[in-house]
Amino acid sequence: MEPDAWKRFFVEDAPPNLFEELLEQELRTERTSFLGARALKEQSLDKEWRPRKRTRTPFVICHDREFRLRLIQSYKYFVEQCKEAWTQFKEGFTDIKFPRGCFIPSRLARTG
């Protein structure tokens, strides 16, 4: 089996500098520039990403508003149950009922 066998189905030969030409064209139309090699190397690896807009992203997307609100309320209740069970787990209790669908800590999973 050849890893580049798919290339035979494409007859077009692209010039070797096509990528650079397309990049330059895109930069001209967008009026932006890209970082150079030195600036990219000096940039922090764990740089925080910040969105342009400061709006909250919905975690439940649904066309039916009432159903969406019920889902959000149900999720908040689920999270509250998880927090309650986690608090009991940290206090040393072992007879804890974690809600269905919740990640059970490994120490507790082994005991019961």
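Pop a pseudo-label 7 angstrom from the Cα along the beta-carbon direction at both Glu20 and Lys47 and give the gap in nm to one decimal.
A separation of 2.4 nm, rounded to one decimal place.
If contacts are Cα pairs under 8 angstrom and at least 6 residues apart, what is the relative contact order of the chain in percent?
11 percent
Show me the GluC sites (Glu not before Pro) within the range 1-82 that DSSP assigns to loop and that have at most 15 other Cβ atoms within 10 Å of their Cβ.
For GluC sites (Glu not before Pro) across the range 1-82 that sit outside H, G, I, E and B with at most 15 neighbouring Cβ atoms in 10 Å, the list reads Glu12, Glu48.
Choose one of Leu18, Gly92, Met1: the residue whose Cα lies farthest towards the positive end of the charge dipole of the chain (beta-carbon charges +1 Lys, Arg; -1 Asp, Glu; about the Cα centre).
Gly92
Subtract the Cα-Cα distance of Glu66 and Ala5 from 0.36 nm times their separation in residues, and report this length gain in nm to one decimal.
Separation in residues times 0.36 nm, less the Cα-Cα distance, equals 16.7 nm.
Would you mind giving the average projected area, over all directions, of the Cα convex hull of the chain in nm² with one decimal?
17.3 nm²
Any idea what angle helix 18-30 forms with the longest principal axis of the chain, computed on alpha-carbon atoms, 0 to 90 degrees, nearest 10?
Between helix and principal axis, roughly 70 degrees.
Dipole magnitude of the range 1-97 about its Cα centre, charges +1 at Lys/Arg Cβ and -1 at Asp/Glu Cβ only, in debye to the nearest 20?
780 debye
Please compute, for the alpha-carbon atoms of the range 1-52, the extent along each of the three principal axes and give them in descending order in Å.
42, 31, 25
Give me the lysines in straight-line cross-link reach of Lys53: C-alpha distance below 28 Å, same-chain residues under 8 apart excluded.
Partners within reach: Lys41, Lys76.
With springs only between Cα atoms under 10 Å apart, run a GNM on the chain and tell me which of Asp46, Asp13, Asp64 wobbles the most.
Among Asp46, Asp13, Asp64, the largest mean-square fluctuation in the Gaussian network model of the chain belongs to Asp13.
All of the numbers you see were taken from the coordinates with simple rules; none came from a lab. Predicted, not measured: the structure shown is a model, and the values here were computed from it. All Cβ positions, glycine included, derive from the backbone under ideal geometry; neighbour counts span all protein chains shown.
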